[in-house]
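The values are calculated or read from the model by the stated rules, or taken from the named source; none is laboratory data. None of these values were measured; they are calculated from a predicted model. Please note: Cβ atoms are built from the backbone with ideal geometry, for glycine as well, and neighbour counts cover all protein chains shown.
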Amino acid sequence: MTASLGVAVIGAGMAGKAHAAAYRAASTLYKPTLPEIRLISIADINEELGSEVAARYGFERHDADWRAIAADPSIDVVSVVVANFLHREIVETLLTAGKHVLCEKPLSDTIDDARAMADAAREAEDRGVIARIGYSYLRAPGIAFLRSLIEDGRLGEVLHFSGRYWTDYGCRPDAPMSWRYQGPAGSGALGDVGSHLSYIAEYLCGEVREVSGGRFSTAISERPKPLGAVVGHTRGNVSDELVPVENDDYATFNARFERCVGTLEVSRVAAGHPNDLAIEVFGSKGGARWSQTNPGQVEVILHDEQDDLAGYRIVPLGPAHPGYAGGWAMDAPGIGIGQNDLFVHQARAFLEEVTGTPEAESLPRCKTFGDGVHNMEFLAAVAESAAQGGSTVVVKEH
């Protein structure tokens, strides 16, 4: 096993901080013990923010230019957590430099760039360099438990799926213009939180076959120009000048999956719902649901219940459920695992693969760039459906 690993994060915004904190904590999870993790650099063009995040999470330094990370031989592993349109150049440069890369979703802002990145990742893997995409919600014990209820037959034949991901970071008209509000139809709420909901749906329901009923809405058509840097979803000082929003605040569509059909809905203008991911699966023997609002529990109904006790029962998640036992200092029922913890599991899984931990002894592997391309093709089919008035569009087979 490697004696030590040097780690860097490119991007110091909200998700960048999640990656930084995750690398700091990854060594505390599970067995076998990881090699020494050296926290070397946080890169961000915003020097004040980058320096603050580096100091906060114990990284040795801040770099204003990400190229310093690519050129540093002491750095082995890099998370790329910046605007989607920047991913390709950064990732390809890092892979050429021999760095293992964990890239945030979606893989890029265009399918052509995503496919090129997947080609670069396959070439890098031939040289022993690993590139993976972070699908953090696949680390949620509640979602993994829903999948086990499906696969072991306790829910019976899957009848249909319902999923929503409502957020409110864009619900106020004074939220400043940023890269999140720019780009083609489908790159807004659908590309941001819909990319999560779509891979969760496939994880539970099997590969998507076709989509229909696509509909987009841009609820707030103009936003003020910021007077300074926009970090994450924060609001700040803005000018009086308004500029047009280019993509979707809201999206909904239907899908046919390998196992069932379903309806998916996403929003960034759902006031009062800061991070409301909710999924529900219905089967011939019962149903189950999970919500990010209460991530430490799953609700289950089974038809073999007594009539006077029929209804959803609350199941506290604990060591009996996937992705829970042995990882945390307190891995008892009712403790719960939140969204920040999912990034720690993700970082741990990536580091295990980089260090050569056998797959049978590791957390489930992170997804490939090929999976990232498929996710973008799924969402592109939704955009095509919406552009054609909701028509049915077949999704390219993965």
Kindly check whether there is at least one residue in the range 136-148 that is modelled with pLDDT of 95 or more, under 30 Å from Phe216 (Cα atoms) and in a loop (DSSP other than H, G, I, E, B).
yes
Residue set Val266, Val238, Val245, Val298; condition surrounded by 15 or more Cβ atoms within 10 Å (Cβ to Cβ) and farther than 30 Å from Gly11 by Cα; output residue Val298
Note on the range 344-381: residues under 18 Å from Tyr324 (Cα atoms) and crowded, with 17+ Cβ neighbours inside 10 Å are Val344, His345, Gln346, Ala347, Arg348, Ala349, Phe350, Glu352, Ser362, Leu363, Cys366
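For (1) farther than 22 Å from Pro173 by Cα; (2) touching a Phe, Trp or Tyr at 6+ places or on another chain (Cβ under 7 Å), each residue gets a yes or a no:
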| residue | (1), (2) |
| --- | --- |
| Gly213 | yes, yes |
| Pro226 | no, no |
| Val243 | no, no |
| Asn247 | no, yes |
| Thr263 | yes, no |
Of the residues in the range 149-177, those that are out of contact with any helix residue (DSSP H, G or I) (no Cβ under 9 Å at 6 or more places or on another chain), part of a loop (DSSP other than H, G, I, E, B) and under 30 Å from Ala349 (Cα atoms) come to Asp152, Gly153
Scanning the range 102-118 residue by residue, those surrounded by 14 or more Cβ atoms within 10 Å (Cβ to Cβ) and over 17 Å from the mean Cα position of the chain (by Cα) turn out to be Thr110, Ile111, Asp113, Arg115, Ala116, Met117, Ala118
The strands (runs of 3 or more DSSP E) lying entirely within the range 233-273 that contain at least 3 residues which are free of Cβ contacts under 8 Å to residues at least 24 places away in the same chain and in contact with a strand residue (DSSP E or B) (Cβ under 6 Å, 6 or more places away or on another chain) are 238-244
Open item on the list: For the structure I just gave you, tell me whether Gln339 is surrounded by fewer than 17 Cβ atoms within 10 Å (Cβ to Cβ) and within 19 Å of the chain's Cα centre (by Cα).
Closed with: yes
Here the residues within the range 11-57 that are part of a strand (DSSP E or B) and either out of contact with any helix residue (DSSP H, G or I) (no Cβ under 6 Å at 6 or more places or on another chain) or over 22 Å from Gly228 (Cβ atoms) (or both) are Glu36, Ile37, Arg38, Leu39, Ile40, Ser41
